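Have a look at the structure below before the remarks.
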Amino acid sequence: MAQEQVIDTLQERGNPPFLQRFIKSTLRFIKKKPVGAFGALLMIIMIFCAGTAQWISPYDPYQVHPRDRITGTFERGEDTGNYYILGTDEIGRDLLSRTIYGARTSVTVSFLAIIIGTTTGSVIGMVSAFFGGKFDLVIQRIIDAMFAFPLLIFALAIVSVVGQSMMNVVMALAIVLIPSVARTVRGAALSVMEMPYMESCRTIGASTFRTVALHLMPNVTAVIIVLASIQLGSAIIVEASLSFLGLGTPPPTPSWGAMLSGSSRNFLEIAPHMAIIPGMAISMAVLGINLLGDAIRDLWDPRMRGSQ
Amino acid sequence: MQTYILRRVLLMIPTLMLVAIGIFVLTHLMPGDVIMIQLEGAASFTPEQYESIKKELGMDKPYIYQMGKWLWGLTHLDMGNSLWNNKPVTEEIFSRLPTTLQLAFMAFIVSSVLGIVFGVVAAIRQDTMLDHVTRIFAVGGLSLPDFWVGTLIILLPIIWFNWGFQTTYADPWEDFGRNMQLMVPAATAIGVRASASVMRLTRTTMLEVLRNDFIRTAHAKGLRERMVIYRHALRNALIPVVTVMGTQLSRLLGGTVIVEMLFAIPGVGRLLLDSITQRDLTQVQGNIMVIAGIFIMMNLIVDISYGFLDPRIRYGRL
Amino acid sequence: MRKFRLLAPALLASGMLAMLLIMGCGGSDDDSTTTSTTTESSSAASTAASSSSSTSEAAAETKEEAKAEATTATTTETTSAAAPAATSGDVAQPQYGGEWTFQSTSPRIGQDPINTTGTGYFYNWGTALSSLLRYKMDPSICSGCYEIIGDLADSWTVDGLDVTLHINPDAKWQGSGAPTVAGLNGRNFTAEDAVFGVKRLAGEGSYHVGYWAAMESVSADGDNVKFKLKYPSATFIPNVAYGFNKMSAPEAVDAGGGNLQNGPTIGTSGFTVDCEVDVQCVYTRNPDFHLSDDNGNQLPYLSQARNIIIPDVQARFAAFRARKLDTHGITAEQRIIIDRQYPEIQNDEIKHYGSWFIHFRNDQAPWNDKRVRQAVSKSIDRQEIYDTIYGGLAHMSLAMAMPAAEAYLPQEEFKKAWKRDCTEAKSLLTAAGFPDGLDAKFWVANYSETTIAVVELMQQQLKECGIRIELFIHDRATYLARVFTRHGEFEDMAYGPQGIFTADQWLSAYYHSEGGRNSSWTDDPELDKMIDAQRQQMDPAKRNQELLDIQAYLLDQTYQAVILTGYSRTSHQPYIKNYAYSSGLDYPGRRHVEHIWVDKDEYLTYRNEKEWID
């Protein structure tokens, strides 16, 4: 759809400046997919927070103010007199700053995990589908075996083996994602391979690389993107669950998962804001990702054209 | 068809073997060991003492020997004894498996009922307020981690009514009421989250089906709306949903870990988590193996049943 | 319709926000008030500290809270529960019957007492067993001291290298209610049984060999058990009474096929036990129990006790509030809620000597320099940690349970030595050759959220004094295998817990160069000599003085930096009586269930039910 839009505009208006085109298609997207646009807005806010955390957060997220602990929302700390918009946690760190920095952690962890996991998975899936035969058979058995591990347990085991650090959590999440991506992409690639144009490619003697890179890949990209958008949300949730089991992003790095699952559960009644704020952040992020993902799928999946 | 099934069953064997090797490698790479945890409360111990315990547990043998023993044991369903309490691993797993199966199945029912009902409603009322509400709630459900939903289910009744859930689990045939008191909230905590994806899928396929010619024909015949939806649309829309739900049921088996811990349900997931923290490696191996085995089996059944449900599927290159 | 579509998502999102808020607040419509109350009460009231899961839990199972039993002090204004044997006449007489429910870790553990060192066992299967001697549990015993009394043996004599125990003629193996084993049911406990039990504990495969290191031989002589020692030992009798050293029956071991890993569990205590793994353990009164209270009433009072297994802290607290649990180990935050909403609940806070501390690599530079270790210790504001995270409830000690109250170094000494002083820390660092401060790696044993909070606070305190630490979080299993063992494999520093041990055990295990837990690579010949000397010092007063000297020496050397020693905090329902005991020293068998009783009228009123087990 997006491509068609661009072509439409090009034909109608000559060649308008990029910005204008961008705004136009954005507006069209908003009009067509308001829910998706709302999701995109949430995502933009999250990425903005992640990117500008050091400038927009009011305090140092690591700075402990023991005597300002569990200050409520919109209150001043008893000791320092700092104004905490979203209150403080059990050792007096500013929750707003930690939430903003937490966006950085979440974006880093989930996006990196998705990029690594999806890329690896897609390559495996496509290559496996393209070559077929024994190669495919072996790869598929390995993928099946990986797929059979329970998701959370697999991540848990990997983190406990390699040790707890942010990059290791990313790697664990990525590895966990590979099998499902590889399977889906392989399925999609197989159906693309049946298409007449792939046959033509082979007949005219195009190189393997050319066939895969220029013909196979673009045609499964839609599937990959949709898949990635759905997995992105679950990556955030799995990270939070790992934190709940004590193996998430290590402290003192602010992470939504750790904020939601750590002490805040103990303070649920006496300082509910400690849990609500990171909980809301996770919800909003996952909500945004999923709504946007749905919209993208609706636009890109040819079968869904015309539906909302 | 028969050759396909036979082929798939045969292919399961190398997959299971890979799983078994993977489990062994993963568990033996974990730092820490069961002996030091058992000795935690001892002020002092000697290296000889440590070695003798190690020998007693069979942990002094080379890894390759241990792996061979594990793989050989698997061929006749012997997974060794737990390093923690010396009971046969299989005995512990199979005594708990029914509990987890019950929980997973109940969660599955919760997620299917919620998912399909809301999915259908959202599809037939496409682009109305109702559609938006259900969709946002569905995604909202996806965005709440189950430990969080579980915590709220436990805490809210006590905060609001000073009422608490049953604390001790009972098998359903012993005390059905007590069993349900724990299982229903636990299944809800898992099911609500899982329902989101079912709902989204139902909605999508339903929308697809509703645009088909035979639906138009049905309308043209003058059938009532309700008839069209339930008789024609829903039936066709549910084929992909059912297959996804099959996979989901097996996924749920591994996804009960946290909820079993929260609600104190003595299931396989909790056993697995405990075994990991105690580094009871034989138990961990056995547990993951059983969960993975069931998963692989379920997937096979789903794939085969897919062929029965939808004759258009070709079995050439699967 | 078109406009509406744009508006809908926004409306919905805000609706959902509101819903989440309501859910999260638990319907409290005024959450700012709630939090400010919290802040006040946490600073004003001595609301407490740690999840006991972090302090007391050193040697315990993860997140196990309900251990920790109680002492003299009942902190609330409610009627204090006193011992039935207490002299004061205004105290209610103990009643027989009733049920007590508590909570602890899973009984998914081997049933053999010689193969376990975890409290998990001793609160489950181990409750059915007893030892030859025991520690007295009574309000008259001060916190941190102990008195040994008889159990299976009713008297003992020590004569140089000869120790003789006389077996209680009333002691019997459990009959009705216990698993049936031919030849055992209900028969008397004999001196031969004692010899068998001791030989098992001291023999191969036992995890408790260390307690019997001084023993040369053991034999039965009529009603007496005679021990021959290798060297005079001040700690032999305390070790006999130590909670791990439970007696097992020869017939039961035979029935179990040479061990007791899978039962049968038949003991000599006041309760027979039946466990449903990961669900609960049920203890039924043993009508033939050999001990009585000081008024001659046979123990135990309870008809039944139930140990319910709830792994999650929140679920556990919810069960306690719903009166489905009678006692519960609570956290500082939970205490606030109890004070606010449940005035009838009674709280106990007792000092114990399990600790959290920093290990140093004493064999490596710069940690082999005393000044650097002292600088770390001086940089940490312990009181701030206690106040912030433990609600003020933590105390300073070198984390060893001393044989007598006089052997403890007074709190003032610690407060003086451990007062935070950044300037001095910096000058110590400069003197050691680090004028610009120091970068170090810091291992953390992640036992609970509380640990993490403490470490985060400590990181900032150290940073302010020029010591920049990088945190490496590891789980319990890794900590135990890599750090909490002889010659720990960590870099620079490690932070972790330690169980409750007697002075002799801990000194010889941790500080002695030969010790099995010498994780900080301490090698100090002078200290070794002092440790060996106190063990063989049979004069109690002289031994106390030697222990005081060792503590002063350690305080100066700072081979390990003890950050806090904890309190056990438990709450119990008002109908549970005689719950308060001195923690004494018989860890891990600290809780003597036999003395607890339930007030029937209060029980029925509070529980709002008719059920009463006679």
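The values are calculated or read from the model by the stated rules, or taken from the named source; none is laboratory data. What you are looking at is a predicted structure, and each value in this text was computed from that prediction instead of being measured. Virtual Cβ from ideal backbone geometry, glycine too; neighbours counted across all protein chains shown.
Consider C:Gln545 carefully, then state whether it is within 9 Å of another protein chain (Cβ to nearest Cβ), part of a helix (DSSP H, G or I) and within 27 Å of C:Gln411 (Cα to Cα). In short, no. Residues in segment C:504-526 that are more than 12 Å from chain B (Cβ to nearest Cβ) and free of Cβ contacts under 8 Å to residues at least 60 places away in the same chain: C:Ser513, C:Asp524, C:Pro525, C:Glu526.
For segment B:35-45, enumerate the residues that are at the interface with chain C (Cβ under 8 Å from one of its Cβ atoms) and β-branched (Val, Ile, Thr).
First pass over segment B:35-45, keeping only residues at the interface with chain C (Cβ under 8 Å from one of its Cβ atoms): B:36-45.
The answer is B:Ile37, and nothing else.
If the condition is being modelled with pLDDT of 85 or more, within 9 Å of another protein chain (Cβ to nearest Cβ) and either in contact with a Ser or Thr (Cβ under 6 Å, 6 or more places away or on another chain) or under 25 Å from A:Leu232 (Cα atoms) (or both), then segment A:34-85 contributes A:Ala37, A:Phe38, A:Gly39, A:Leu42. Only one of the numbered conditions (1) within 12 Å of chain C (Cβ to nearest Cβ); (2) outside any helix (DSSP H, G or I); (3) free of Cβ contacts under 8 Å to residues at least 12 places away in the same chain is not met by B:Trp173, and that is (1).
Looking at the structure I just gave you, is C:Ala481 modelled with pLDDT of 90 or more and of a type in the set (A, V, I, L, M)?
Details: modelled with pLDDT of 90 or more: no; of a type in the set (A, V, I, L, M): yes.
Considered against the rule, which asks whether it is modelled with pLDDT of 90 or more and of a type in the set (A, V, I, L, M), C:Ala481 comes out as no.
Listed by position, the strands (runs of 3 or more DSSP E) contained in segment C:137-248 that have at least 1 residues being closer than 22 Å to C:Ser292 by Cα and more than 14 Å from every other protein chain (Cβ to nearest Cβ) are C:148-150, C:153-159, C:162-167, C:224-229. On the stretch given as segment B:73-94, residues that are within 21 Å of the chain's Cα centre (by Cα) and buried (at least 16 other Cβ atoms within 10 Å of the Cβ) total 4. Residues that are out of contact with any helix residue (DSSP H, G or I) (no Cβ under 8 Å at 6 or more places or on another chain) and part of a strand (DSSP E or B) were ranked within segment C:436-470; the one that is nearest to C:Glu489 (Cα to Cα) is C:Lys441. In segment A:129-140, the count of residues that are buried (at least 19 other Cβ atoms within 10 Å of the Cβ) and of a type in the set (Val, Ile, Thr) is zero. Restricting segment C:155-171 to residues that are surrounded by 19 or more Cβ atoms within 10 Å (Cβ to Cβ) and in contact with a His (Cβ under 8 Å, 6 or more places away or on another chain), the residue that is farthest from C:Val253 (Cα to Cα) is C:Trp156. The set of residues from segment B:278-293 being assigned to a helix (DSSP H, G or I) and more than 9 Å from chain A (Cβ to nearest Cβ) comprises B:Gln278, B:Leu281, B:Thr282, B:Gln283, B:Gln285, B:Gly286, B:Met289, B:Val290. I need the full set of residues from segment C:384-426 which are among the aromatic types (Phe, Trp, Tyr), in a helix (DSSP H, G or I) and more than 14 Å from every other protein chain (Cβ to nearest Cβ), in order please. Result: C:Phe414, single match.
Going residue by residue through segment A:161-174, is there one that turns out to be assigned to a helix (DSSP H, G or I), away from chain B (no Cβ under 12 Å), β-branched (Val, Ile, Thr) and over 21 Å from B:His28 (Cα atoms)? Yes, because at least one residue in segment A:161-174 is assigned to a helix (DSSP H, G or I), away from chain B (no Cβ under 12 Å), β-branched (Val, Ile, Thr) and over 21 Å from B:His28 (Cα atoms).
Residue by residue, here is whether (1) among the charged types (D, E, K, R); (2) more than 9 Å from every other protein chain (Cβ to nearest Cβ) holds:
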{"site": "C:Leu428", "(1), (2)": "no, yes"}
{"site": "C:Gly433", "(1), (2)": "no, yes"}
{"site": "C:Asp436", "(1), (2)": "yes, yes"}
{"site": "C:Ser448", "(1), (2)": "no, no"}
{"site": "C:Val455", "(1), (2)": "no, no"}
{"site": "C:Ile467", "(1), (2)": "no, yes"}
{"site": "C:Asp475", "(1), (2)": "yes, no"}
{"site": "C:Arg482", "(1), (2)": "yes, no"}
{"site": "C:Tyr495", "(1), (2)": "no, yes"}
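Taking (1) surrounded by 23 or more Cβ atoms within 10 Å (Cβ to Cβ); (2) within 9 Å of another protein chain (Cβ to nearest Cβ); (3) under 12 Å from the mean Cα position of the chain (by Cα) in turn, A:Ile230 satisfies each apart from (1). Quick check on segment C:265-286. Is at least one of its residues away from chain B (no Cβ under 14 Å), surrounded by fewer than 20 Cβ atoms within 10 Å (Cβ to Cβ) and part of a loop (DSSP other than H, G, I, E, B)? Within segment C:265-286, not a single residue is away from chain B (no Cβ under 14 Å), surrounded by fewer than 20 Cβ atoms within 10 Å (Cβ to Cβ) and part of a loop (DSSP other than H, G, I, E, B). Every listed requirement among (1) assigned to a helix (DSSP H, G or I); (2) under 25 Å from A:Asp79 (Cβ atoms) is met by C:Leu429 save one, (2). Name the single residue, out of those in segment C:334-368 being farther than 22 Å from C:Thr485 by Cα, of a type in the set (D, E, K, R) and modelled with pLDDT of 85 or more, that is surrounded by the fewest Cβ atoms within 10 Å (Cβ to Cβ). Of everything passing the filter in segment C:334-368, C:Glu344 is surrounded by the fewest Cβ atoms within 10 Å (Cβ to Cβ).
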